[in-house]
Structures are given as structure tokens and as C-alpha cells.
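Right, one structure below, let's go through it.
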Amino acid sequence: MTGLSGFPEFLPADRNVELIVLDHLREVFELHGFASIETRAAEPMDTLLRKGEIDKEVYVLRRLQAGEGDSDSGLGLHFDLTVPFARYVLENAGKLEFPFRRYQIQKVWRGERPQNGRYREFTQADIDIVAKDELAFHFDVEIAQVMAEALSGLPVPALTLQVSNRKILEGFYLGLGIAEPTTVMPIVDKLDKVPGDKILELLQTDAGLTAEQAKQCVALAEIRSADGSFVDAVRALGVAHPLLDEGLDELLQVVTGASGADGVEVVADLRIARGLDYYTGTVFETRMAGHEQLGSICSGGRYDQLASDGKNTYPGVGISLGVSRLLVPLVAGGLTADRAVPSAVLVALVDEESRPASSAVASALRARGIPTEIAASAQKFGKQIRYAERRGIPYVWFPANGEDGDRVRDIRTGDQVDADPTSWSPPPEDLKPRIKEQVT
């Protein structure tokens, strides 16, 4: 990876890793019936800043020689895919079937200070389910299930999908007599970065809690389990409220419903609050083993009021995977593909006069869906084989020469067989690039 800081670029073999990951995500999302959309890169600034949480990070879009009153003024590049999606739903509501299930894989731009896991240009992969007026809770469970399935098929270290519910937090705080629960959540959400003693202090100085209320809030935040035992742990704190009961029931459904995906542990973690104001119920964050310093690589939640036109409200639930945040550190650590090119076969060249014959072989293989290229020049076969090795191409095809028929060699093993370009195929696992190194 080279280039301008904050704008990651991959070499070809590493880019193949990204393509493999993106293809896997698309396949899983589409298996679950999510439709692909793409929204424009630019949005009006008032749309981007409506929620106001990252106004200092939005890139403004304008022409170099733009004059006063230019039509491009007031535009910015989108910093996530949720805000554009909310606008998309409102503008196209009359043409969409609800509940609307969408996935979106796109570049986004954010004016952050570049550092490990944070970039100015990066790829996100989002799934959302949006309804009109009311969205059944079982969709929260489904979103968690789908993303857990998608994550489980990735060539990455073990992942922990941390799930919480804002209703638990709000109901618990109301049960403690805290009038403004939203003042507490952002402070509790810092527990991963700030010591518990400091959180206790901030809850009293910044949120106006008593020492006992602050202690109870921290006790709630420390509850964490991969099964339903969190319910009893919360009950043991002795706080009661109807909203708390509702949140506990919902969280239990998500944890039990989404568990079971290989390599992904689903955990109820009551530290998770998510700082954005529009989350109203289920919230998600995801950590990767050995790379905890990256923070959450996959986040989201339930938002009942994100999109509204004044007459209709479109509640939704969604989760967003930071593809670049996930992959860039892993690629830097050695994750790569077994070849830099899509080609499965290199057709050797006997001499320049025989190039049409080699081209005919390549065309026959390509017609059957086998990625094939022809040697660049008629060097000795040993040099042509080394050329294929450098590019990671597993097979070299030797066209008929005199009385000998066509032969194809697996250059990894040296095995060579007679072959016909109209019938021979490589094993399915050699047809496309594969991940070369599994990260543990």
C-alpha cells in the first residue's frame, strides 16, 4: 500500500483479497434477499449535517474555479452510507416495496487524521431493512444473523459481535431517577477508553448524578455475557422500569438468534451505547481479536426516527462493515492472494509465427469461462514458466508442436497431462484467485 496518507491503495494481489471479500459479502447479502443500491457521492451540506455529529470532517465539493453562486456550492462528499440512504428512501418511497432490504458497498470520505484503522477514503458495506411507519423487531435479529454469517466467512481473526439495547440503558437510568438518560450514555460509551474511576467522576460532574447513581450505571455497563445470563445480572442490580424489561427481552432475542456463526462470538455487552442520537433500540459493535486498537470494525443499530417526510416515518435497522478498516491492517500484516492476476492459465508461445495458434487455444479456454492470457514473448519455455510463477498463474499450456498434442502443466507440482482446450478445465479452486494466508 502506497500513496497519499489516508487514501489506501493495494497492490494487485492484495486488491484480489479485497475483491474476494466483497464478492463474499455480496453473495451472503443477496442470499438473504437484500437488493443492491448505490447512492451519489455528493449530498447537500444541510443533508450531511442534519445530525451534526461530524461537521468538522465533511469534505466540501466545489470546482477549482468556482465562482460565487456556483451550482456546486453547498455540496459535500458523503461521510457514511446511512445519511444518503435515508435521503434515498424519502425520495423514492413511492417506488419502493416495504419493508425495503438494501445492501450498499461504496467508497465514503471523512476528513479524519489518518491513523491505523482510520482513513480519509474508505470502503463500507452496509445492510439495512426499512419499513413504513412500523418495523417489526424480528428484523433486528435478522440483521444480526446476516452480518454474523457474512463475517464468519471472512479470512480474518476471531470476531466478537457486541450487542446492546438503548432501551435497557434508558430504562435503567429512568429507574434510577435520572431525568435525562441521554446525558449518561455518551459518558458510559467511553468505558473502553477511559478508566472506570474517571467514568464515575464524569457521571457526577458532567451528568449531575449522585455517587450511588453513578456506581449503579457503571455496574450495569460492566455486565457482559455470551448467553442469557445477562438478564439475571441486570435484575440483580435491583432497578425496575417497563422500558428496561422491554430492552432485556429484545436483547435476549438478538443474542440467542444470532449466535452460532463460526468465528463470530455474539456477546451482550452493556457498555455499548453508540454515540449517535438516532439509535433507539438494538445497537451493535464488533471487535477483531489481536486488533482491538482499531475499535469497532462493524457497527449499527435500530433507528426509528432517522427518515421522515413529516407525514410518514421510515424506521429501520442496519449495520455497517468498515471493509477498509478491517482489511488494510491485515494486508499490511501479510494477508494476500495466491496470485496477482485473474489468469488461471498462461498459454505458452512457441514462436511469433505461432501466436495465432496460441490465441486460438486461449479463446477456446475463455469461451468456457477460464481466465487465460498468452505469453508476452516467445522466450524459452523455462522463462515463460517463471513468468507465470511470478504472477501466480497455476497452469501453463503448451500448444501442439509437430506430432505432439497440446499439454498443460500444473507448475506448482510439475504434473503435466494431455489436454484439449474445448474440454479441459482446472479444478474449481484454481479458477479464481484465493486467499493465500489465513490470519490467526
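Using a/c under 1.5 as the rounded threshold, could you call the stretch 252-366 rounded, prolate or oblate? The axes a ≥ b ≥ c are square roots of the C-alpha gyration tensor eigenvalues, and prolate needs a/b larger than b/c, oblate otherwise. Verdict is prolate for the stretch 252-366.
Starting from the stretch 1-47, pick out the trypsin sites (Lys or Arg not before Pro) whose DSSP state is loop and whose Cβ has at most 14 other Cβ atoms within 10 Å. Taking the stretch 1-47 and a limit of 14 other Cβ atoms within 10 Å, the loop trypsin sites (Lys or Arg not before Pro) found are Arg40. Leaving out ligands, DNA and RNA, and with a 1.4 Å probe, what % of the accessible surface on the stretch 294-432 is carbon or sulfur? Taking all protein chains in place, the stretch 294-432 shows 50 percent carbon and sulfur surface. Cross-link partners of Lys215 among aspartates and glutamates, defined as those whose alpha carbon lies under 19 angstrom from its own and excluding same-chain residues fewer than eight positions apart: Glu170, Glu180, Asp189, Asp192, Asp197, Glu201, Asp206, Asp232, Asp269. At the residue level, Val58 shows approximately 20 square angstrom of accessible surface with a 1.4 angstrom probe and all protein chains present. The string of couplings for the stretch 11-21 from the Karplus curve (6.51, -1.76, 1.60, θ = phi - 60°) is 6, x, 5, 6, 4, 5, 4, 4, 5, 4, 5 Hz, one whole number per residue in order, with x for Gly and Pro. Output the 0 to 90 degree angle, nearest 10, between the alpha-carbon long axis of helix 196-205 and the longest principal axis computed from the alpha carbons of the chain. Taking Cα atoms only, the helix is inclined about 50 degrees.
Annotation: for a label point projected 7 angstrom from Cα along Cα→Cβ of Glu27, residues of the stretch 415-431 with backbone N closer than 19 Å are 426-431.
For Leu75, Leu4, the ranking by accessible surface with the largest value first comes to Leu4, Leu75, using a 1.4 Å probe. Compared with the direct C-alpha span, the chain from Lys215 to Ala35 gains 60.2 nm at full extension, assuming 0.36 nm per residue.
Remark: the stretch 177-191, residue by residue, has Karplus-estimated 3J(HN,Hα) of x, 7, 6, 10, x, 5, 7, 8, 4, x, 6, 4, 5, 8, 4 Hz, where x stands for each Gly or Pro and the curve is 6.51 cos²θ - 1.76 cosθ + 1.60 at θ = phi - 60°. A probe of 1.4 angstrom, applied to the heavy atoms of all protein chains, finds His138 with accessible area near 110 square angstrom. The string of couplings for the stretch 370-383 from the Karplus curve (6.51, -1.76, 1.60, θ = phi - 60°) is 9, x, 9, 10, 9, 3, 5, 8, 7, 7, 4, 4, x, 6 Hz, one whole number per residue in order, with x for Gly and Pro. Of the residues His291, His32, ranked by 1.4 Å probe accessible area with the largest first, the sequence reads His32, His291. Look at where the Cα atoms of the stretch 221-255 and of the stretch 133-202 average out, and the two centres are 12 Å apart.
Helix-only arithmetic for the chain: the sum of -39500 (n - 2.57) across DSSP H runs with n ≥ 4, divided by the residue total, places the mean residue ellipticity at 222 nm at -10000 deg cm²/dmol.
Considering only Ile143, Ala125, Gln162, the residue lying farthest towards the positive end of the dipole of the stretch 99-173 is Ala125, judged by Cα position with unit charges set on Cβ.
For the chain, take the longest principal axis of its alpha carbons; what is the angle in degrees between that and the long axis of helix 355-367, to the nearest 10 within 0 to 90? The helix 355-367 is inclined about 40 degrees to the chain.
Can you tell me the relative contact order of the stretch 161-311? Whole percent, Cα pairs under 8 Å, sequence separation 6 or more. Could the numbers behind the result be given before it?
Numbers: 241 pairs, mean separation 54.4, N = 151.
RCO, the stretch 161-311: 36 percent.
In units of 2.2 N^0.38 Å, what is the alpha-carbon radius of gyration of the stretch 103-161? Working shown, then result.
Values: Rg = 14.9 Å, N = 59, 2.2 N^0.38 = 10.4 Å.
For the stretch 103-161, the normalised Cα radius of gyration is 1.44.
Restricting things to alpha carbons, find the Rg to Rh ratio for the stretch 181-243 using the Kirkwood radius for Rh.
Working: Rg = 12.1 Å, Rh = 12.4 Å.
Computed over Cα atoms, the ratio is 0.98.
Surface composition of the stretch 119-248: carbon plus sulfur atoms contribute 49% of the solvent-accessible area (1.4 Å probe, protein chains only, all chains present). Taking Ile374, Ile143 and ordering them by how much accessible surface each has at a 1.4 Å probe, largest first, produces Ile374, Ile143.
Assuming a ≥ b ≥ c are the square roots of the Cα gyration tensor eigenvalues, decide whether the stretch 72-124 counts as rounded (a/c under 1.5), prolate (otherwise, with a/b larger than b/c) or oblate. Don't jump to the answer; show the numbers that get you there.
On the way: a/c = 4.08, a/b = 1.79, b/c = 2.28.
The shape class here is oblate.
Students often forget the sequence filter, so: which lysines lie under 20 Å Cα-Cα from Lys380 once same-chain residues fewer than 8 apart are removed? Partners within reach: none.
Hey, can you find the accessible area per residue of the chain for me, probe 1.4 Å, expressed in square angstrom? List each step's numbers first, then the result.
Details: 20400 Å² over 440 residues.
So the chain comes to 46 Å² accessible per residue, rounded to a whole number.
Could you pull out the pairs from Lys190/Lys311; Lys383/Lys432; Lys167/Lys190; Lys167/Lys311; Lys132/Lys167; Lys193/Lys436 whose alpha carbons sit more than 29 Å apart here? Intermediate results must be reported in sequence, preceding the final value.
Values: Lys190/Lys311 37 Å; Lys383/Lys432 24 Å; Lys167/Lys190 18 Å; Lys167/Lys311 26 Å; Lys132/Lys167 21 Å; Lys193/Lys436 35 Å.
In this structure, Lys190/Lys311; Lys193/Lys436 exceed 29 Å between Cα atoms.
Amide H contacts for Asn165 (H built 1.01 Å from N in the peptide plane; partners 5 or more residues away or on another chain; cut-off under 5 Å): Val283.
Students often get this wrong, so try it: which of (1) 92, 59, 41; (2) 157, 66, 51; (3) 68, 60, 41 is Cα extents along the principal axes in Å as calculated from the structure shown? Computed from these coordinates, Cα extents along the principal axes in Å corresponds to label (1). Where Lys and Arg each count +1 and Asp and Glu each count -1, what net charge lies around Ala419 among other residues with Cβ under 13 Å from its Cβ? Residues close to Ala419 contribute a combined charge of -3.
When the chain is fully extended, how far beyond the present Cα-Cα distance does Asp420 get from Ala131, taking 0.36 nm per residue of separation? Don't skip to the answer; put the middle values down first.
Values: separation 289, 0.36 × 289 = 104.04 nm, distance 5.46 nm.
My answer for the length gained is 98.6 nm.
In the chain, the longest principal axis of the Cα atoms and the axis of helix 323-332 are about 60 degrees apart.
The values are calculated or read from the model by the stated rules, or taken from the named source; none is laboratory data. It should be emphasised that the depicted structure is a prediction, and the values quoted were computed from it without experimental measurement. Every residue, glycine as well, gets a Cβ built from its backbone with ideal geometry; the counts of neighbours run over all protein chains shown. What goes into the accessible areas is simple: the full protein's heavy atoms, side chains included, and nothing from ligands, DNA or RNA. Shrake-Rupley method; radii C 1.70, N 1.55, O 1.52, S 1.80 Å.
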